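S.K.: Got a structure here, written out as structure tokens. Questions coming.
Values in this text are rule-based calculations from the coordinates and carry no lab data. Just so it is clear, the model here is predicted, and its values are computed rather than measured. Every residue, glycine among them, receives a Cβ derived from its backbone with ideal geometry; neighbour counts consider all protein chains shown.
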Amino acid sequence: MEEKVITYEDELTFRYGPGCKLLEQQANEQGYTLAESADHLQQLGNALSMLLANRILNNNQYGTALRKLHKQVMLSIRPKFSMF
């Protein structure tokens, strides 16, 4: 199973699929956070990968579901503030 890469407005890039870094870690590396939504969104991404691996979703359905998940990631993302 390959990873899927989705870029938002040429600024934020997220990789989805087994073997990819956690969504929160990817957000942090880009100066953002998913805050309280991180665990929930990660679980959804993991569930989609499991559904694809077990042939419950086909590749087209998986792609559609990932785009919907990515919209939720983008709605949840916030700038990461650093403390001095």
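S.K.: Quick check on the exposure proxy: order 23, 48 from fewest to most C-beta atoms within 10 angstrom.
M.R.: The fewest-first ordering by Cβ neighbours comes to 48, 23.
S.K.: Considering amide H positions built from the backbone, and no H for Pro or chain starts, which residues 5 or more places from residue 32, or on another chain, come under 5 Å of its amide H?
M.R.: Excluding prolines and chain starts, which carry no amide H, the hits are 80.
S.K.: Counting other beta carbons within 10 Å of each Cβ, put 81, 14 in order, fewest first.
M.R.: By the 10 Å Cβ count, ascending: 81, 14.
S.K.: Once amide H atoms are placed 1.01 Å from N in the peptide plane, what residues at a sequence separation of 5 or more from residue 57, or on another chain, have their amide H within under 5 Å of its amide H?
M.R.: It is 52, by chain and number.
S.K.: What order do you get for 55, 78 when you list them from fewest to most C-beta neighbours inside 10 Å?
M.R.: 55, 78
S.K.: Which ³J(HN,Hα) values in Hz, rounded to whole numbers, follow from the phi angles of the stretch 49-63 under the Karplus curve 6.51 cos²θ - 1.76 cosθ + 1.60, where θ = phi - 60° and Gly and Pro get x?
M.R.: Here the 3J(HN,Hα) series is 4, 5, 5, 5, 4, 9, 6, 7, 10, 8, 4, 5, 5, 4, x Hz.
S.K.: Let me ask something additional. Calculate one ³J(HN,Hα) per residue across the stretch 26-43 by plugging θ = phi - 60° into the Karplus curve 6.51 cos²θ - 1.76 cosθ + 1.60, and present them in order as whole Hz with x for glycine and proline.
M.R.: Rounded to whole hertz, the list is 5, 5, 4, 5, 9, x, 10, 9, 9, 6, 6, 8, 4, 5, 4, 5, 5, 5.
S.K.: Which one of 73, 37, 54 is farthest out on the positive end of the charge dipole of the stretch 4-79, using unit charges on Cβ (Lys, Arg +1; Asp, Glu -1) and the Cα centre as origin?
M.R.: It is 54, whose Cα lies furthest towards the positive end.
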